[in-house]
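The values are calculated or read from the model by the stated rules, or taken from the named source; none is laboratory data. Because the structure is a prediction, the values reported are computed rather than measured. Reconstructed Cβ throughout: ideal geometry from the backbone, glycine too, with neighbour counts over all protein chains shown. Ligands, DNA and RNA are excluded from the accessible area calculation, which covers all protein heavy atoms including side chains. Shrake-Rupley method; radii C 1.70, N 1.55, O 1.52, S 1.80 Å.
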Amino acid sequence: MTLTVDSLPTSGAQSGEASKKVTASPPKSPPGERVTEARQVGQGEFEPEQHFYPRVLNAQIHPLIQSFFTLGNDRIIARYTHLNPQVKPEDLKEVLSYSPKYFQWAGSDLFNVTTSSGQRQMIVIETNSCPSGQKSMPLLSETDEHNEQGGYRQVIQCAFQEQLSKADPSLGGLAVVCDKNMMESSGYAAVLADVAKEHVWLVEWHVNDPDPGVKWVDRVLHIRDKDGEWHPIRACFRYLTQKPWNRFPLQTKTIVMNQIISCLAGGRNKMMAARAYDFYNAEVVGTGLGIRTPETINNVTRGEIPLWIHSMGGHAVLKVPYSNAGQGVYTITNQAELNDFLTQDHHYDKFIVQSLVGNASWSSVTRAGKFYHVGTIPNKKSNTYVSDLRMMVTGSDNGFKPICIYGRKARLPLAGDLKPDANTWDMLGTNLSVKLPDGGWTTDTSRLILMDRKDFNQLGLGIDDLIDAYIQTALAVIAIDKMAARLMANGKFDYQLFESLNPDNALLDEIKEANEDF
């Protein structure tokens with residue numbers, strides 16, 4: 001099929017983060033998604049019903065998931081190298097004991113795919129800085145002292161506490177700054193208050209906020225209280241996901257986790273993530289390890305898009321590199337979907353073209369052959385659904401640690417044969433975030449797959465698949481952290497290197513908004 005630049009719309013989107021209007025049942029929105037002004041969160045304020053979905057509070061963790069989380073890195077290394085003898089234990093140990101300098105908290109979205117010869121593997125679709133997931137993870141233990149705080153406490157203790165120890169106590173207090181997902185953001189604030197034994201400021205800061213309750217003075221973060229008084233902050237837990245680089249400077253006196261460079265180097269920038277994966281794969285080429293991704297073409301202009309799609313057999317995924325949470329990802333399988341993409345105003349100059357993972361008869365043709373979805377176990381109607389897996393990890397001086405996992409499935413079952421006018425988003429899009437007309441966010445929880453006794457078996461995954469997903473996530477995080485280190489090689493952001501790797505004027509203008517020394 002040859003795709004050209006004419007005709008009219010229908011759009012779609014694939015993967016962890018994808019874009020399309022919702023036509024199914026109205027999404028359910030977690031309670032208390034908006035906070036209008038900064039408030040202080042004190043010790044003892046963590047209430048599980050405020051920070052987990054009701055389904056999760058009543059869920060029992062699946063024994064296989066519990067077993068995976070109790071393995072520890074040493075046993076994971078022993079198992080993986082036993083099944084993959086080409087990988088040396090010392091090489092994998094180096095990977096899992098890596099201590100990230102900039103990217104301590106991450107979540108990868110992965111697909112379980114297979115080839116026409118039946119070789120199954122987990123592939124990385126994208127890696128997110130400041131990822132969601134805690135509210136969707138059943139508790140691992142019913143007996144631990146701080147059990148009710150689940151993975152929230154793990155992230156604070158394993159990653160943030162280490163960064164907090166570097167902060168100058170004389171600078172001020174602690175804060176959680178967010179722009180969505182108040183259910184999880186407030187959970188982190190409550191746990192941080194318990195761990196640090198002090199009050200924590202919780203405040204929202206949106207992209208186009210005309211009068212934000214947050215400002216930077218001499219690279220120190222300040223929070224405004226309800227009386228209009230400003231309070232300096234020594235350390236900030238950042239749950240800022242939408243264009244965070246236009247509000248947070250690259251270098252700050254306030255300790256920030258994750259630092260903004262982690263987002264620009266790949267954590268919220270798919271273009272740089274693809275570069276980071278390529279560079280790191282070249283570095284580990286002799287070890288038997290590597291980040292597996294769909295074939296990715298970077299820095300593609302609008303005019304080149306039809307040519308690249310044609311080269312992949314007429315099926316591809318188009319991505320706006322800096323979007324997330326359900327925005328800016330489109331599956332292209334016919335002329336109408338391509339035209340819908342081309343007629344939209346995308347703000348940025350360059351795009352990503354990625355091979356499409358579909359069914360055996362309609363996936364992209366790539367140099368590595370075809371990947372297609374394993375999908376869920378067929379239901380009673382013998383329907384298989386596309387599903388993905390979110391693997392959240394933290395990295396610290398003790399190396400990597402898995403924190404939480406959840407799955408998501410598409411709205412419609414995967415078709416064996418693709419109709420010429422098919423709406424592929426409904427079959428391939430797994431993202432649950434939905435952007436509302438007022439700029440707020442909600443979540444379609446009906447397609448959430450929990451790691452509990454009821455849901456997990458749908459995924460058809462074994463413990464070795466989970467180990468593979470964890471190792472792929474660790475490799476992806478290392479790649480992005482190393483890219484961040486390259487960009488900050490002399491303690492200052494290397495604008496020239498960044499611009500040569502990611503030449504996009506609209507993005508550079510956004511970075512200038514928070515960095516006067518650009």
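For the reader, a short list of remarks on this structure follows.
- Spatial extent of region 174-245: Rg and Dmax, with the Cα atoms as the point set, Å: 11.8, 33
- Modelled label reach - residue 70, point 7 Å along Cα→Cβ, region 460-491 residues with backbone N closer than 18 Å: 463-464, 466-467
- Separation of the residue 119 and residue 464 label points, Cα + 7 Å toward Cβ, nm: 1.5 nm
- Out of every Cα-Cα pair that region 445-518 contains, those further apart than 16 angstrom amount to 69 percent.
- On a per residue basis, the chain carries 39 Å² of accessible surface, using protein heavy atoms and a 1.4 Å probe.
- Put a plus charge on the Cβ of each Lys and Arg, a minus charge on the Cβ of each Asp and Glu, and nothing anywhere else: the dipole of region 329-474 about its Cα centre is then about 420 debye.
- Only Lys, Arg (+1) and Asp, Glu (-1) charged, at Cβ; the chain dipole about Cα centre in debye: 1000 debye
- Spin-label pair residue 343-residue 208: with each label point 7 Å from Cα along the Cα-Cβ axis, the two points sit 2.3 nm from one another.
- Listed residues 374, 200 arranged by accessible area, highest first, probe 1.4 Å: 374, 200
- Calculated FRET efficiency, residue 285 to residue 485, Cβ-Cβ distance, R0 = 22 Å: about 0.65 to the nearest 0.05.
- Student exercise, region 112-232 dipole from Lys, Arg, Asp, Glu Cβ charges, in Debye to nearest 20: 400 debye
- Convex hull of alpha carbon positions in the chain: directionally averaged projected area 23.0 nm².
- Under 19 Å from the Cα of residue 381 - lysines, other chains or at least 8 residues apart: 409, 454
- Region 374-518: proportion of alpha-carbon pairs further apart than 18 angstrom, %: 71 percent
- In loop segments of region 347-402 as defined by DSSP, the trypsin sites (Lys or Arg not before Pro) with at most 10 further C-beta atoms inside 10 Å of their C-beta are 367, 380, 381.
- A straight Cα-to-Cα reach below 12 Å connects residue 243 with the aspartates and glutamates 179, 509, 510, 513, residues fewer than 8 places away in its own chain not being considered.
- Rounded to 0.05, the FRET efficiency of the residue 197 and residue 60 pair, given R0 = 41 Å and the Cβ-Cβ distance, is 0.80.
- Take every Cα pair under 8 Å whose residues are at least 6 apart in sequence, average their separation, divide by the length of the chain, and the relative contact order is 26 percent.
- Relative contact order of region 159-290, pairs being alpha-carbon contacts under 8 Å that are 6 or more residues apart, as %: 24 percent
- Here the accessible area is traced with a 1.4 Å probe on the protein chains. For the chain, carbon and sulfur cover 49 percent of it.
- Dividing the helix sum by the residues of the chain, where each DSSP H run of 4 or more adds -39500 (n - 2.57), gives a mean residue ellipticity at 222 nm of -8000 deg cm²/dmol.
- Longest exposed-site-free window of the chain, the sites being GluC sites (Glu not before Pro) in a DSSP loop that have at most 13 other C-beta atoms within 10 Å: 230-515
- Binned Cα-Cα distances of region 104-223, short to long, each 10 Å bin given as a whole percent: 11, 33, 31, 16, 7, 2, 0
- Note on region 109-241: lysine pairs with Cα distance below 21 Å, sequence gap of 8 or more or different chains, count 5.
- Counted charge near residue 495, where neighbours are those whose Cβ lies closer than 14 Å (Asp, Glu -1; Lys, Arg +1): -4
- Rounded FRET efficiency, nearest 0.05, which uses the C-beta distance separating residue 218 from residue 495 and R0 of 22 Å: 0.55
- Under the membrane-span-like helix rule (DSSP H runs whose alpha carbons stretch at least 30 Å along the helix axis, mean Kyte-Doolittle hydropathy 0.0 or higher), the chain yields 463-487.
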